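Asks: Pasting in a structure now, in structure tokens, and then I'll have a few things to ask.
What follows is calculated from the coordinates using simple rules that are stated; it is not laboratory data. Not measured: the values here are computed from a predicted model. Cβ placement follows ideal geometry from the backbone for every residue including glycine, while neighbour counts extend to all protein chains displayed.
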Amino acid sequence: MSSDVVKKIAQLVRAGAALTPYTCPACGTVLVRLKTGELYCANCERTVVLVRSDEEAQQALEVVQLREVRRIVFDKIIQLGKEIEKLSAPEMVDHLRSLSLLLDIYERLAKIHGEAGREKKT
Ligand SMILES: [Zn+2]
């Protein structure tokens, strides 16, 4: 560990972060737990998701991928919402149906993330 990194960790701890017994899987630096609960590597300067097994790694990956899907769905909802403004009432029906479907999917994806978040805390 370079003295720069040690200094950075000390700064983080002074700011309320906690030292952990975990090390960064990329560089081996001791990880700190930020006030937000995230693990952070002061050397890589990024948050680190620690996984204990292949199954957990797969789950973490799925959550990240679903988050990306949620972002795409969200963009579509905004896009559709803007288009509705320009449409006549009969044309609007189809758009609103699509919008309703997208909102359903978005809500379900949000629920999955809520559940994943709760699992992590236990
Ligand atoms: Zn690192």
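Asks: Treat every Asp and Glu Cβ in segment 3-48 as -1 and every Lys and Arg Cβ as +1, leave all other atoms uncharged, and give the resulting dipole magnitude about the Cα centre to the nearest 20 debye. It would help to have the intermediate numbers written out before the result.
Replies: Details: 6 positive and 3 negative charges, 28 e Å.
So the dipole magnitude of segment 3-48 works out to roughly 140 debye.
Asks: Could you size up the charge dipole of the chain around its Cα centre, putting +1 on the beta carbon of Lys and Arg and -1 on that of Asp and Glu, and report it in debye to the nearest 20?
Replies: 620 debye
Asks: Tell me which of VAL63, SER100, PRO90 sits at the most positive position along the dipole axis of the chain, charges placed on C-beta atoms (Lys, Arg +1; Asp, Glu -1).
Replies: About the Cα centre, the residue reaching furthest to the positive side is VAL63.
Asks: List the DSSP H helices in the chain whose Cα atoms stretch 20 Å or more along the helix axis and whose mean Kyte-Doolittle hydropathy is at least -1.0.
Replies: 54-84, 89-121
Asks: Follow-up question, since we're still on this one. Modelling each spin label as a point 7 Å along the Cα-to-Cβ direction, I'd like the LEU103/GLU68 distance in nm, to one decimal.
Replies: Once both label points are built, they end up 2.8 nm from each other.
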